[in-house]
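The values are calculated or read from the model by the stated rules, or taken from the named source; none is laboratory data. Note that the structure is a prediction, hence the values are computed from the model and not measured. Glycine also receives a Cβ, built like all others from the backbone with ideal geometry; neighbour counts cover every protein chain displayed. When the accessible area is computed, the model is the full protein with side chains, heavy atoms only, and any ligands, DNA or RNA have been set aside. Shrake-Rupley method; radii C 1.70, N 1.55, O 1.52, S 1.80 Å.
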Amino acid sequence: VLSRSPAGRSVYAATGASCAVTCGRVSFVLGLHGPCASYDTACSASLVAAHIASVALADSECDQCISAGVSISVGMFSYAGIAAASMSSIDGRCKTLDVSADGYGKGECCGVVHATAPNAGSSEETLNPSALLIGSGVNQDGRSSSLTAPNGPSQQALIASVLSSSRISASDVSHLEMHGTGTSLGDPIEAVSYTHLR
């Protein structure tokens, strides 16, 4: 879209359209130092960023960090690809874990988390956190029935590993936020992965 507009001839076009530069621009504008990287893992990019940030805090690479996830759909290319693969819902609505699930509906969003290390000081934010991260983990499903199909045993292994390293049991988990594909292939695998350990 940018390349077909007059803005594409701007000296800022290359940096303005680069995902790699996006987080660097945030650091530049806010005057931030420390590790700075962009991640593109499709659906899990913001969770991976939050995990990497938590590792940086634990390793004392920094005493506070910002992790963010942004999803913007520009042009028809991304829609055409998921429609061709029969991943998109006919009516554009996601019906995750419902018998009528027929695909997912794309949306746009931006979420930002500001995190501090447990010993980062005694500011009001540190004393009254809105959430406490006690564990996280990242893995890749590896081989499954297809590139886009979840691998249940791989997901179960990751959940078990995170529970163990966090020193909590599955019965301590009160609710889950999961990646529901809204498809008859992915939903059952995802649901079983999360309920298997209970």
Subject >> Nearest-0.05 FRET efficiency for residue 195 and residue 2, computed from C-beta distance (R0 45 Å) >> reply: 0.55
**OP:** List the residues of region 158-172 whose backbone N lies under 19 Å from a point placed 7 Å from the Cα of residue 44 along the Cα-to-Cβ direction.
**Re:** 158-166
**OP:** Kindly report the accessible area of the chain per residue (heavy atoms of protein chains, probe 1.4 Å, no ligands, DNA or RNA), in Å².
**Re:** 70 Å²
Original post:
Expressed as a whole percentage, what fraction of the accessible surface of region 1-112 belongs to carbon and sulfur atoms when a 1.4 Å probe is rolled over the protein heavy atoms?
Top reply: 61 percent
Original post:
Which entry in (i) 1.04; (ii) 1.00; (iii) 0.94 matches Rg/Rh (Cα atoms, Kirkwood Rh) derived from the coordinates of this structure?
Top reply: (ii)
Subject >> Estimated inter-spin distance, residue 134 and residue 166, nm [label 7 Å along Cα→Cβ] >> reply: 0.8 nm
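Ranking request for peptides 7-14, 146-153: highest mean number of other beta-carbon atoms within 10 Å first, then the rest in descending order.
Values: 7-14: 10.9, 146-153: 14.1.
Put in order of decreasing packing, that is 146-153, 7-14.
Using only helices, what value at 222 nm comes out for the chain when you add -39,500 (n - 2.57) per DSSP H run of length 4 or more and divide by the total residues, to the nearest 500 deg cm²/dmol?
On the way: 7 runs with 67 residues, N = 198.
Counting only the DSSP helices, I get -10000 deg cm²/dmol.
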Subject >> the chain: relative contact order as a whole-number percent, Cα under 8 Å and 6+ apart >> reply: 17 percent
